[in-house]
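Below: one structure, written as structure tokens.
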Amino acid sequence: MGFSIRNVGAINDMPKNWKRQSELNYRIYNMWVHMIRRCYNKELHEKHPTYKNCTMQKELLILSNFVNWIEHEENYNEFVKDHSARKWSIDKDILIEGNKEYAIGKIKLVTLSENDKDAQKRIDKSKCGKREAIVGVNIKNEDIIQYNSMQDAERDIYGFHHSKISLCCQGKRKSHKGYKWYYKENYFNSIHER
């Protein structure tokens, strides 16, 4: 049996045929259903693991509460005028980074371009703290040393400093402690291009 919103306790308490009364109602209903699926559909979690462990506030499992919430969102009038359901989304982590609960006060009605910009910002931010493998090439004899991260190199007995290695990897410094430094992926890609 496939996924059903009834299996998670969702309640459509709107009048009979409400979602068919207007294109707007249909769009709102679909946003509600998609939000529920993101939280509770295990097949979707396989394709999009970022939704694993997401939950919904009990109040939002009731459609009339969701309708009331969306009608009071600051972007609601733009949403009503737009007529394109594919340009809008309910976002759970624009207001609170890392949020896993779809709840009033924690979610926001956004355009897909807003959602995409915020997602890209989070991706870029995570790359800044990413622990990338590095390679050091001895300037005198071209011996190679490798570390899983700049922090690992710093912990070594040679007294390397991660910030100076980082400057080398970014091309802002020529060498550090007698080594030229590269991100491992960049170093091996450049060798294959030769």
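The values are calculated or read from the model by the stated rules, or taken from the named source; none is laboratory data. In this text the structure is predicted, and so the values were computed from the model without any measurement. Cβ coordinates were reconstructed from backbone atoms using ideal geometry, including for glycine residues, and neighbour counts include every protein chain displayed. We work out accessible area using only protein heavy atoms, side chains counted, and drop any ligands, DNA or RNA first. Shrake-Rupley method; radii C 1.70, N 1.55, O 1.52, S 1.80 Å.
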* What tally of residues in the stretch 47-68 results from selecting those that are over 20 Å from E23 (Cβ atoms) and hydrophobic (A, V, I, L, M, F, W, C)? -> 5
* Residue among E97, E23, E46 that is modelled with pLDDT under 90, closer than 23 Å to S4 by Cα, loosely packed, with under 13 Cβ neighbours inside 10 Å and not small (G, A, S) -> E46
* Structure fact -> Going through the stretch 154-175 in order, the residues found to be open to solvent by less than 70 Å² (accessible area, probe 1.4 Å) and in contact with a His (Cβ under 7 Å, 6 or more places away or on another chain) are E154, F160, I165, C168
* Structure fact -> With criteria (1) part of a loop (DSSP other than H, G, I, E, B); (2) surrounded by fewer than 17 Cβ atoms within 10 Å (Cβ to Cβ); (3) in contact (Cβ under 8 Å) with a residue 24 or more places away in the chain, K16 comes up short on (3)
* Counted residues, the stretch 33-51 - those being farther than 17 Å from N65 by Cβ and among the aliphatic types (A, V, I, L, M) -> 1
* With respect to H34, is the statement that it is farther than 21 Å from S84 by Cα, of a type outside the set (S, T, Y) and part of a helix (DSSP H, G or I) true? -> no
* Asked: Does the stretch 72-118 hold any residues that are β-branched (V, I, T) and more than 26 Å from S22 (Cα to Cα), and which are they?
  -> I94, I96
* Asked: Got a number for residues in the stretch 138-153 being open to solvent by 50 Å² or more (accessible area, probe 1.4 Å), at pLDDT 85 or above and either within 17 Å of E185 (Cα to Cα) or not aliphatic (A, V, I, L, M) (or both)?
  -> 7
* Do we have any residue at all in the stretch 14-24 that's more than 18 Å from the chain's Cα centre (by Cα) and within 19 Å of L112 (Cβ to Cβ)? -> yes
* Asked: Does the stretch 2-10 include one or more residues that are part of a loop (DSSP other than H, G, I, E, B) and surrounded by 13 or more Cβ atoms within 10 Å (Cβ to Cβ)?
  -> yes
